[in-house]
1. So, in the stretch 113-138, how many residues would count as being touching a helix residue (DSSP H, G or I) at 6+ places or on another chain (Cβ under 8 Å) and either surrounded by 14 or more Cβ atoms within 10 Å (Cβ to Cβ) or without any contact (Cβ under 8 Å) to a residue 60 or more places away in the chain (or both)?
2. Checking the structure you have, find out if any residue of the stretch 432-450 is within 26 Å of V358 (Cβ to Cβ) and among the aliphatic types (A, V, I, L, M).
3. Please enumerate the residues belonging to the stretch 282-316 that are without any contact (Cβ under 8 Å) to a residue 24 or more places away in the chain and of a type in the set (S, T, Y).
4. Across the stretch 342-351, which residue is surrounded by the fewest Cβ atoms within 10 Å (Cβ to Cβ) among those that are within 26 Å of the chain's Cα centre (by Cα) and in a helix (DSSP H, G or I)?
5. Take E69 and decide whether it is closer than 18 Å to T158 by Cβ and in contact with an Asp or Glu (Cβ under 6 Å, 6 or more places away or on another chain).
6. Just the residues that are acidic (D, E), within 23 Å of V84 (Cα to Cα) and either in contact with an Asp or Glu (Cβ under 8 Å, 6 or more places away or on another chain) or not in a strand (DSSP E or B) (or both), please, taken from the stretch 193-236.
7. If we keep just the residues of the stretch 96-111 that are at pLDDT 90 or above and out of contact with any Lys or Arg (no Cβ under 8 Å at 6 or more places or on another chain), which is farthest from I305 (Cα to Cα)?
8. With the structure loaded, tell me whether E97 is acidic (D, E), surrounded by fewer than 19 Cβ atoms within 10 Å (Cβ to Cβ) and within 25 Å of the chain's Cα centre (by Cα) or whether it fails that test.
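The values are calculated or read from the model by the stated rules, or taken from the named source; none is laboratory data. Being a predicted model, the structure only gives us computed values, none of them experimental. Note that we place each Cβ from the backbone using ideal geometry, even for glycine, and neighbour counts take in every protein chain shown.
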Amino acid sequence: MLRYLRPILFGSLLLATAAVNAVTIPYCVDPDWMPYEGIDQGKHVGISSGFLELIDQQTDWQFQLVPTESWQQTLAYLKQQRCVFTPMLNYTPRRAEFLYFSDIYSRSPNVLVSRHEQPFLQSMEQVGDRSLAIPRGYRLLDYVRQNYPKIRIILAETEQQGLEMVSSGEADLFIGSMYSINARIQQSGLFNLKIAGWAGPEDQFRMAVTENAKWMLPELNHLLAQISDEHRARLYRQWSNMAVLEQTDYRMFWQLLAVATLIFGALLARNRWISKYNRELTAKNQQLEQLRNQLLETNRELEFISTHDPLTKLYNRHYFHRHFAAEHRSNSAQGHTSLIVIDIDFFKEINDRHGHSVGDSILRELAALLKDGAREQDLVARWGGEEFMIICPDTDCVQAGRLCERLALAMKVYPFSAGVSLSCSFGLTELKAGESIWSAFDRADLALYRAKSEGRNRICCDPESDRADKISSNSSA
């Protein structure tokens, strides 16, 4: 009996509280869906927290977070009315059985993710017999089952698990939101994954309330309609490590095409409106050109994301592998190629003492210093954590050692954040004909290990490299 009375009593309490303008609104979020929303140390974070803050500033509602462990638990709490509001989700008929939805206040594209060896896909129709991982309870699961019943689905408990399935080969593809996928790939180091194509439908984000809180909807819709596009873009930039681009609305494309067709027929019948309709047709064509340019810009952004480290903007490990193979093929028969591995000395102590924000600033500053200090033909990349790599074409180990000395000297005089005095250890090797990247990296890594074990702030060359004897085995940087 208490189970049936609780929603009625709770709804009455909300209404009574509303009468005196002091409403406490218990709400739930997806605890693991960054950058859209999440829970960090008991606090609501992400893009939806920014929208909720705008609502909170303009009402007397007191929003109280009810923590959950998963999106499935959030939906269960909403059904049970343990929370009566959620700030960011998509509409589905199944959710509409127990929720009331606001107007759409934000949109975001969905994409397919695959390993690098998989081809790019133009649409969901090209999935074919590939397996597709989808998180349990997500709207996209119902969409794929209804519209593409022949696709072989593998259920994942979370987005993270779904991406790891693709990375390990357990699944061929994953479908999800572009912004959250990009964040997870970068944070988890799943650099063998790429965005393989667009996947419909786009996310159309709304807020939702339960039966006992549907009185909130008129005010919610009024406040959401006042949020400017500039403020939306600022929230996306704040919480996302990629540039915010407006998703192309293809429904508008077809509407414009239909309007253009009607205008053309009207021109034939009514000559006195020819001039007016020609101007309108020109305007529509300009809009279509703008849509095409947006799509090209989106493709360029996706290419940049797949090849660059989001923190330092240096090339990432994926691009390094690809460039290494091409560079080694072009130089193996006619010249020398050297590989340098660089590791920041005592970086963990810097983070522990000054905080991760200072650590991130130092990584960015060192990346800029390495890029400026390297030669035009050299390729500088972030390998991961506090480790960097440099490919030096047409360079033997002696010349590479001189480059390391110049970089080490530049670090001594550079004013790093928080007054940190920074040094690095260097391991270098000269590539052998036909050698794989992993073999060369292992030798350079052994040289780096020797530099660190002999006191750090040193330059060590792999003894197997040609002319290695010209470099001191433990040159002080």
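1. The number of residues fulfilling the criteria is 11.
2. Yes, because at least one residue in the stretch 432-450 is within 26 Å of V358 (Cβ to Cβ) and among the aliphatic types (A, V, I, L, M).
3. T282, T307 - these are the residues of the stretch 282-316 that are without any contact (Cβ under 8 Å) to a residue 24 or more places away in the chain and of a type in the set (S, T, Y).
4. Out of the qualifying residues, it is K348.
5. No.
6. Listed by number, the residues that qualify are E211, E219.
7. The residue in question is E97.
8. no
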